[in-house]
Structure formats: structure tokens, C-alpha cells
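The values are calculated or read from the model by the stated rules, or taken from the named source; none is laboratory data. Small disclaimer: the values here were computed from a predicted structure and weren't measured. All Cβ positions, even for glycine, are placed from backbone atoms using ideal geometry, and neighbour counts span all protein chains on display. Accessible surface is based on the protein model in full, side chains and every heavy atom, while ligands, DNA and RNA are left aside. Shrake-Rupley method; radii C 1.70, N 1.55, O 1.52, S 1.80 Å.
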Amino acid sequence: MPVPPPRPVLFLDVDGPLIPFGETAREPLTHGGNPLLGRLDPTVGASLLALPCDLVWATTWQHEANDTIAPRLGLPRLPVVDWPETDPPAPRGLHWKTRPLSEWAGHRPFVWLDDEIGAMDRLWIESVHPAPALLLRVDPAKGLTEKDVMVVGEWLRRSSHR
């Protein structure tokens, strides 16, 4: 019996996508002194968990995302991308996360949710990454919306990587 292909990866940034910059606090500021945590939408976790993919933190919060963000969203502890100490020279306009995320995904398809994705990132991934990828720029003023989650879900369902 053939082994099914591995599930796609969903790389998740925190600042901008999960903690929008344009939103006011959704709940009282009882977050141990971090007022930004009041901007988290606690319903986002269930929407992300319902997607047919493996969630991975791709944030400068790194492992702190599991202690601080995940419980507030109802997420389990997730794998974390550990960023390289130094960035090798990159083409102008390539985000510093782009190559490490492609390397982390290996031959797996992936979705990247971030507010700093640009045209160079898309071009680089299309030319270098060996599997399909969806790079979805999330509006940092709004954060991750239901529409964004629907776009990801549709891409995952119609793509032949499950």
C-alpha cells in the first residue's frame, strides 16, 4: 500500500496576522503587562486547526508563541522555526524568512501567512521550492480574517498535495 504524501505545512507569523496593528483590544488588558495580547482573536485557533495541514510558528516570538499565544487561541504546542544566526546574502527585496521557511518545509507544500510577504518572495519560492506554496500576505491593520482562512482552505483542498 502506498504511503500518503505528508501534509502541507502552514507557517504562521504572529505580529500583524494574529496581533493586528490596527485593532483595539478585544478584551481587558489582563495579559501580564503586554497590551498587544488583547488584540488576539480567540476564534482564530479553531479555524486554523480545522485546516488540513500542520501548523508551525514562523515568528520572532519563537518558542514564546507556544507559552503566550497558543493558549489564548486554543492551539496546542506547535513546532517552531528556529531562525539562522546570520542571513546569507539575498536578492534585494527577499524577506529574511523566505529561504529558512523553504528549507524547513523541504519537499512539502506549504502556506505562509505573514504581513511582510512581497513579490520577490513569491518569485523566489516559485523558482526554488520543489512543491506548491501559497504565500498569503495578511493585512496587518486587520489581522487574519475569515476570508484569509477560506482562501487557505480552498488552496489546500484544490491542490493535490494531501
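Quick check: is even one residue across the range 49-66 modelled with pLDDT under 95, more than 13 Å from the chain's Cα centre (by Cα) and of a type in the set (S, T, N, Q)? Scanning the range 49-66, I find no residue that is modelled with pLDDT under 95, more than 13 Å from the chain's Cα centre (by Cα) and of a type in the set (S, T, N, Q), so the answer is no. Sub-8 Å Cβ pairs linking a first residue in the range 88-100 that is part of a loop (DSSP other than H, G, I, E, B) to a second residue that is open to solvent by less than 60 Å² (accessible area, probe 1.4 Å) and of a type in the set (Val, Ile, Thr), at least 6 apart or interchain, are ALA90/THR98; HIS95/ILE117; LYS97/VAL81, ordered by first then second residue. Annotation: TRP61 fulfils all but one of (1) over 16 Å from LEU10 (Cα atoms); (2) out of contact with any Gly (no Cβ under 9 Å at 6 or more places or on another chain); (3) surrounded by fewer than 18 Cβ atoms within 10 Å (Cβ to Cβ); the unmet one is (3). Taken together, the residues in the range 124-141 that are of a type in the set (A, V, I, L, M, F, W, C) and assigned to a helix (DSSP H, G or I) amount to 3. If the condition is being in contact with a His (Cβ under 9 Å, 6 or more places away or on another chain), open to solvent by 50 Å² or more (accessible area, probe 1.4 Å) and farther than 10 Å from VAL9 by Cα, then the range 108-134 contributes GLU116, MET120, PRO130, PRO132. ALA46 meets each of the listed conditions (1) loosely packed, with under 13 Cβ neighbours inside 10 Å; (2) closer than 19 Å to PRO71 by Cβ; (3) modelled with pLDDT under 95 apart from (3). In the set (1) in a loop (DSSP other than H, G, I, E, B); (2) over 20 Å from PHE21 (Cα atoms), the condition left unmet by ASP67 is number (1). Is it true that PRO76 is in a loop (DSSP other than H, G, I, E, B) and either surrounded by 12 or more Cβ atoms within 10 Å (Cβ to Cβ) or within 17 Å of the chain's Cα centre (by Cα) (or both)? In short, yes. Can you spot a residue in the range 144-152 that is of a type in the set (A, V, I, L, M), crowded, with 19+ Cβ neighbours inside 10 Å and out of contact with any helix residue (DSSP H, G or I) (no Cβ under 7 Å at 6 or more places or on another chain)? The answer is yes, given that some residue of the range 144-152 is of a type in the set (A, V, I, L, M), crowded, with 19+ Cβ neighbours inside 10 Å and out of contact with any helix residue (DSSP H, G or I) (no Cβ under 7 Å at 6 or more places or on another chain).
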